[in-house]
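Before any comments, here is the structure.
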Amino acid sequence: MNNDEAGARSDGLIIVTVIFVVAFTYIALTTNPVYTGIGVGDRAPDLQGMVYDGSEWAMFNLEDNVDDNWVEGMGGTWTMVEFMDTNCGYCQTVAQEDFPTQQNKWLGENPTRSTPNNITVEFVAVSISLWDENTEGKEYGRDIIIKFRTDFGHEFPYMDAQDNSYQDDWGRLGTPTYFLISPDGIIQYATPEASAGYSVWEAMEDLIPPGGI
């Protein structure tokens, strides 16, 4: 009798063990955990907040552009994120020299760079603060963001992140710093890792599918 009970317990333990092994194997095979970070191949950290879109301040959430089931060849939204400071001299230079051409190339109803009909491209500029607001000659605030956007004729949204609330997730970035995020939320280009001279605009040209294919 004792042998029968011991055998039953042993059989039960084996069954439970098999169930756990099968369950963990299934989880391992059906999930693809991706590290959240700011390097190429990482899942982009959370990015949401109030953006000025040219007429009002509205909520933006990067997650709205993300499709976890996206694979190459599917439609979706590619997002170019620029971390910038309105007082940054180089940010002002690229705002004047690069962005007018690039927004005409990628944004709007008739962009000059074609993409498949199911592919869209969005820009979002994230305004952070490199200096303390009390620093002489450095001004911050939403009015400054609106003025900067308007002065340079930009048509894409500007996020107010001048409290530097994203530093923990996105790092203490210099400006401007660029990220290109594919429709699955994975970073495909990051300025800190880019080869010297290789710009986000070149990465976009290389990675975003052209129309007619």
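A short reminder: the numbers here are calculations on the coordinates, not readings from a lab. No experiment lies behind these values; they were computed from the predicted model shown. Heads up, the Cβs are rebuilt from the backbone with ideal geometry, glycines too, and the neighbour counts pull from every protein chain shown.
Here the Karplus curve 6.51 cos²θ - 1.76 cosθ + 1.60, taken at θ = phi - 60°, turns the phi angles of segment 118-127 into couplings of 9, 10, 10, 10, 10, 10, 9, 9, 10, 7 Hz, with x standing for Gly and Pro.
Our coupling estimate for segment 188-201, obtained by passing each phi through the Karplus curve with A = 6.51, B = -1.76, C = 1.60 and θ = phi - 60°, is 9, 8, 9, 3, x, 9, 5, 4, 3, x, 8, 8, 4, 5 Hz, Gly and Pro reported as x. Taking a point 7 Å out from the Cα of ASN118 in the direction of its Cβ, the residues of segment 175-199 whose backbone N falls within less than 15 Å of it are 183-184. Using DSSP, restrict attention to beta bridges with both residues in segment 25-140 and report what percent are antiparallel, rounded to the nearest 5. Approximately 35 percent, going by the DSSP bridge assignments. Extension gain for GLU193 to LYS105 (0.36 nm times residue separation, less C-alpha to C-alpha distance): 29.2 nm. With N counted as the residues of segment 86-130, its alpha-carbon radius of gyration over 2.2 N^0.38 Å works out to 1.40. Counting every C-alpha pair in segment 34-207, the share spaced more than 23 angstrom apart comes to 38%. Restricting segment 175-213 to GluC sites (Glu not before Pro) that sit in a DSSP loop and have at most 12 other Cβ atoms within 10 Å of their own Cβ leaves nothing.
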